[in-house]
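For reference, the structure I am asking about is given below.
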Amino acid sequence: ELTGKPVLPGQLEACQLSGKRVLPSELRTSEFSGRRALLQNIRQSSLSRMVLLEDEAIRSSSGGFCAPSEAINCNWSGQLTHPEDVSICPLTGLQVDKIWLSRDELTGLSALVALLRTPMGNAVRIDKWHEIEEAIAVVLGG
């Protein structure tokens with residue numbers, strides 16, 4: 001289906017992504033999953049050079065790829081993130097995707113920076129802060 005060349009029966013192999021039946025030379029095997037797909041769907045990890053399918057890979061903001069096993073879990077979103085896109089939040093010490101950090105003179109998680117900049121006069125339900133603090137302490141174990 002890719003080259004249009006005539007072939008003998010049994011010579012073609014199916015791409016495990018598109019289902020197209022092609023010559024085996026048109027396919028590559030993912031080192032991550034073992035699935036075989038067309039070369040156009042193959043990516044290489046910018047970290048380890050591992051060959052994997054694009055739908056298995058974690059893409060960086062600069063267009064690089066890595067395997068899920070090479071990615072870092074963003075402590076803010078819970079999403080796997082390419083290591084190139086991870087930074088440490090100076091306010092919390094958490095590893096987070098850079099997209100969640102503020103980009104001005106007060107660096108940190110944007111949500112926390114916004115809270116820190118909110119005048120106390122605008123605070124809502126200050127009477128509940130102690131209850132919230134206790135609930136968070138239970139979840140965090142201290």
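The values are calculated or read from the model by the stated rules, or taken from the named source; none is laboratory data. Keep in mind that what you see is a predicted model, and the values were worked out from it rather than measured. Because the Cβ atoms are built from the backbone with ideal geometry, glycine has one as well, and the counts that use them run over all protein chains shown. Ligands, DNA and RNA are excluded from the accessible area calculation, which covers all protein heavy atoms including side chains. Shrake-Rupley method; radii C 1.70, N 1.55, O 1.52, S 1.80 Å.
Collect residues whose amide H, placed 1.01 Å from N in the peptide plane, falls under 5 Å from the amide H of Asn73; neighbours closer than 5 in sequence don't count.
Thr81
For the chain, set up a Gaussian network in which alpha carbons nearer than 10 Å are linked by springs, and say which option among Ala111, Ala57, Ala67 fluctuates the most.
Looking only at Ala111, Ala57, Ala67, the largest GNM fluctuation is found for Ala111.
Can you sort Arg35, Arg21, Arg59 by 1.4 Å-probe accessible area, starting with the largest? Don't jump to the answer; show the numbers that get you there.
Details: Arg35 75, Arg21 105, Arg59 130 Å².
These residues rank, largest area first, as Arg59, Arg21, Arg35.
Convex hull over the Cα atoms of the chain, averaged projected area in nm²?
The directionally averaged projection comes out at 13.3 nm².
Got a sec to turn the phi values of the stretch 49-62 into Karplus ³J(HN,Hα) couplings, 6.51 cos²θ - 1.76 cosθ + 1.60 with θ = phi - 60°, whole Hz, x for Gly and Pro?
The phi angles translate into 6, 4, 8, 8, 7, 4, 6, 9, 7, 9, 8, 8, 5, 8 Hz.
Then there's this: Using label points projected 7 Å from each Cα along Cα→Cβ, tell me how many nm separate His130 and Ser77, to one decimal.
3.9 nm
Can you pull the percent of Cα pairs in the stretch 63-108 with separation above 13 Å? Let's see the in-between values first.
Numbers: 536 of 1035 pairs.
Value for the stretch 63-108 (Cα pairs over 13 Å): 52 percent.
Less than 23 Å apart at the alpha-carbon level, and either on another chain or at least 8 residues along: which lysines does that give for Lys20?
Within reach: Lys5.
To continue, here is another question. Using alpha carbons only, how many degrees (0 to 90, rounded to 10) separate the axis of helix 129-140 from the longest principal axis of the chain?
It works out to around 40 degrees.
Now a separate question. What does the accessible area of Ile136 come to, in Å² to the nearest 10, when a probe of 1.4 Å is used?
Rounded to the nearest 10, that gives 80 Å².
Using R₀ = 35 Å, calculate the FRET efficiency as 1/(1 + (r/R₀)^6) where r is the Cβ-Cβ separation of Thr92 and Ser48; round to 0.05.
Values: r = 29 Å, r/R0 = 0.83.
E(calc), rounded to 0.05, equals 0.75.
Report, please, the projected area of the stretch 1-58 averaged over directions, based on the convex hull of its C-alpha atoms, in nm². Each step should come with its number before you reach the end.
Working: hull surface 16.2 nm².
Quarter of the Cα hull surface area: 4.1 nm².
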